[in-house]
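Visitor: Let me begin by handing over the structure; questions about it come next.
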Amino acid sequence: MHSNKVISNTLLHLLLIICGIPFVFLFIFSFIEIVNGKEIFSLSSFKELFSPIRLTELKTITLRAVLVSLCATLVSFIISYFLFKNASKRFQLIFLVLLTIPLLINESVRVFSWQLLLAENGLFNSMLSTFIGNEVTLFNGSNGNNVIFVMLVSIIPFGIFINTASLSVTPKIYWKVSKDIGMKPTATFFKIVLPISKTSIAITFIISFFLAFSLSSEVNFLGGASKISIRNLVLSFMSSGNFSAIFLLGSILTLLIFFIGISIKSYKKS
Amino acid sequence: MKIVARIILLFVLVLIVIPIFSIFYYSFSNTEIDIFSWYREIVNQGDFLNALWLSVKTSIIVGIVTSILGFIISLAWFNKTQRYAVIFLIVVLGLIPPDIIALGISQFSQLLNIRGSNLFFTVIGLMLYSLPFTILLLWSRYYFIDDVIIKSAKDIGMKNLHINLKIIMGMSISTLFSSFIFNFILSLNEYPRTYYLSGYHNFLSEYLYSKLKSGADESIYAGSGLTILVTFILLLLTFVVFKYSNTSDKKG
């Protein structure tokens, strides 16, 4: 374990504080309202953010994020396991490198590419129709399948990175022992792989949740009539002049991340 | 079982990667006579070139500043307590919705009331976006730097500044270059932060978003194709440099 300090605490903390300034201001702006050009302390942000309409919107965004993150965690873990157990190191590297391409492509270009493929008369529905023999329109803008599907495709790579990295650093003795005692692949997966990977699975779920919570272009391009996303919520608050409610939401999310971080650290210590 | 698993892996790869190139295909499929006509059209559009040029200039600045700042912060890797503090910064910067962070920075800029500061704060926003990636990329390099090297340097009386510049930077210069290219790609393609922070300036990502959303001008397929091509080439360059740095380290 590296323990040599090569940067002074003062310099590091100064830089971290500078980088953390936006979050400090998120917190301060949560309690400031501008009336007649003057900034006054106010708790109106709570009233605005927790109004029934906003709560319904937040509930939709949160539930969608939970659904997407659950599916992304499950799928990414299975793919990572397949990759780790069945692919050579070279294939693993190529696979992971190729997975980064969509993550770096322009957000709107990426989503628009999916829009072309998932349109009612797009490639995916055509392929499904050919396969089933009847005309199918599983993917279309009105039922939200498109949004969920593209969100999943956008988030799964992150889960694959985390879980593959976690499986790669697992001591080889686990695999050797399971082989020596003659465990079958299914038993190895449930009795060894899952228990030793629970931290990485939990981290994948948390990261996937926050990423899914933030994704907005997917909803704006593919959401059809229902366009409830964090960006539209922010724009809606902006148009009504309730900036403090946006910053309150940001502060709550920051505190939530801080709380989860401390919980994971305490759990690992114990 | 292995064959089934490999088929599943290939299917996943195709599903995730190939759709990106569909728009690339569409950009050539407008007419059978001149497959480059949309490319000619987009290159002749002043707005597109202006947006591209502004984004390239800004991304170069972001790339340089973030690489330097990221290098300094990434040095926390060598101390466990410092590393935890940086991990927290990475998590927060990476997980808070970009729309909210960008609006926070925008509000802060208005509070300071600096005239014509849009580009400055756009750089700040993009820098905070790419900083976590720079640190993680550098940490993936530091993972292979043996602790004994740092200890030995300290034993012979080298100061921290010299250790950082001569040993750590010396051993990770290729990774630092990779992180610069990576930052450049991230900044070039970032939409939410430029949308909230750039003011009247029109960046490439804003230009693409508005054109693709409206769907009125089909030559934007060519614009999208160009950005995919640029990103792909730069990404390839990043991995070549990164691979070279790891190989040369193993040989050393």
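Visitor: May I ask you to give the percent of accessible area on chain A that is carbon plus sulfur, with a probe radius of 1.4 Å?
Guide: Answer for chain A is 70 percent, counting heavy atoms of protein chains only.
Visitor: Could you tell me which of A:SER69, A:LEU249, A:ILE94 has its Cα farthest along the dipole of chain A towards the positive end, charges placed at Cβ (Lys, Arg +1; Asp, Glu -1), taken about the Cα centre?
Guide: It is A:ILE94.
Visitor: Taking loop as defined by DSSP and a crowding limit of 10 other beta carbons within 10 Å, which chymotrypsin sites (Phe, Trp or Tyr not before Pro) in the stretch B:65-158 fit? Could you put the intermediate results ahead of the total?
Guide: Details: sites: B:PHE71, B:TRP77, B:PHE78, B:TYR84, B:PHE88, B:PHE108, B:PHE120, B:PHE121, B:TYR129, B:PHE133, B:TRP139, B:TYR142, B:TYR143, B:PHE144; in loops: B:TYR143, B:PHE144.
Those that pass, being in a loop and sparsely packed, are B:TYR143.
Visitor: Right, something else. Mind checking which of A:LEU104, A:LEU14, B:ILE150 is farthest towards the positive end of the protein assembly as shown's charge dipole, using Cβ charges of +1 (Lys, Arg) and -1 (Asp, Glu) about the Cα centre?
Guide: My answer, from the dipole projection, is B:ILE150.
Visitor: Heavy atoms only, probe 1.4 Å: what % of the accessible area of the stretch B:50-247 goes to carbon and sulfur, would you let me know?
Guide: Roughly 69 percent, rounded to a whole number.
Visitor: Oh, and also: Multiply the residue separation of A:SER51 and A:SER8 by 0.36 nm, subtract the distance between their alpha-carbon atoms, and state the gained length in nm to one decimal.
Guide: 10.8 nm
Visitor: Something else now. Show that you can apply the helix-only estimate: for chain B, add -39,500 (n - 2.57) for every DSSP H stretch of four or more residues, divide by all residues, and state [θ] at 222 nm to the nearest 500.
Guide: When only DSSP H runs of four or more count, the value is -25500 deg cm²/dmol.
Visitor: Right, something else. Please compute the contact order of chain B in relative form: average sequence separation of alpha-carbon pairs under 8 Å and at least six residues apart, divided by the residue count, as a percent.
Guide: With pairs under 8 Å counted, the relative contact order is 32 percent.
Visitor: If r is the Cβ-Cβ distance from B:ARG6 to A:THR137 and R0 is 41 Å, what FRET efficiency results, to the nearest 0.05?
Guide: So the FRET efficiency works out to roughly 0.80.
Visitor: Additional query: If you place +1 on the Cβ of every Lys and Arg and -1 on the Cβ of every Asp and Glu, how big does the dipole about the Cα centre of the stretch A:125-270 come out, in debye to the nearest 20?
Guide: Taking the Cα centre of the stretch A:125-270 as origin, the dipole is about 780 debye.
Visitor: About the Cα centre, and with charges only on the beta carbon of Lys, Arg (+1) and Asp, Glu (-1), how big is the dipole of the protein assembly as shown? Nearest 20 debye, please.
Guide: Working: 39 positive and 22 negative charges, 492 e Å.
Rounded to the nearest 20 debye, it is 2360 debye.
Visitor: In square angstrom, rounded to the nearest 10, how much accessible surface does A:THR100 have for a 1.4 Å probe?
Guide: The value for A:THR100 is about 20 Å².
Visitor: What total accessible surface area, summed over both chains, is buried at the interface between chains A and B, computed with a 1.4 Å probe and given in Å² to the nearest 100?
Guide: For A against B, buried area totals roughly 7400 Å².
Visitor: When the solvent-accessible surface of protein heavy atoms is calculated with a 1.4 angstrom probe, in what order do B:ASP99, B:ASP146 fall, highest first?
Guide: Details: B:ASP99 0, B:ASP146 85 Å².
The ordering from most to least exposed comes out as B:ASP146, B:ASP99.
Visitor: OK, next. Ignoring ligands, DNA and RNA, how do A:ARG90, B:ARG6, B:ARG83 rank by accessible area with a 1.4 Å probe, largest first?
Guide: Values: A:ARG90 185, B:ARG6 115, B:ARG83 35 Å².
The ranking, largest first, comes out as A:ARG90, B:ARG6, B:ARG83.
Visitor: At 1.4 Å probe size, with every protein chain present, just tell me what the per residue accessible area of the protein assembly as shown comes to in Å².
Guide: Result: 48 Å² per residue.
Visitor: Please identify the trypsin sites (Lys or Arg not before Pro) of the stretch A:164-221 that satisfy two criteria: DSSP loop assignment and at most 13 other Cβ atoms within 10 Å. Which are they?
Guide: Listed in order of number, the matching sites are A:LYS172.
Visitor: Tell me the volume per residue, in Å³, of the convex hull enclosing the alpha carbons of chain A.
Guide: Details: hull volume 55.8 nm³, N = 270.
Convex hull of Cα atoms, per residue: 207 Å³.
Visitor: Apply the Karplus curve 6.51 cos²θ - 1.76 cosθ + 1.60, θ = phi - 60°, to the phi angles in the stretch A:163-179 and return the couplings in whole Hz, x for Gly and Pro.
Guide: With the stated coefficients, the stretch A:163-179 comes to 5, 5, 4, 5, 5, 5, 8, 5, x, 5, 4, 4, 5, 5, 5, 4, 6 Hz.
Visitor: Relative to the longest principal axis of the C-alpha atoms of chain B, give the angle of the C-alpha long axis of helix B:220-251, reported between 0 and 90° and rounded to the nearest 10°.
Guide: 20 degrees
The values are calculated or read from the model by the stated rules, or taken from the named source; none is laboratory data. If you're wondering where the values come from, they're calculated on a predicted model, not measured in any experiment. Because the Cβ atoms are built from the backbone with ideal geometry, glycine has one as well, and the counts that use them run over all protein chains shown. Just the protein is used for accessible areas: all its heavy atoms, side chains included, with ligands, DNA and RNA removed. Shrake-Rupley method; radii C 1.70, N 1.55, O 1.52, S 1.80 Å.
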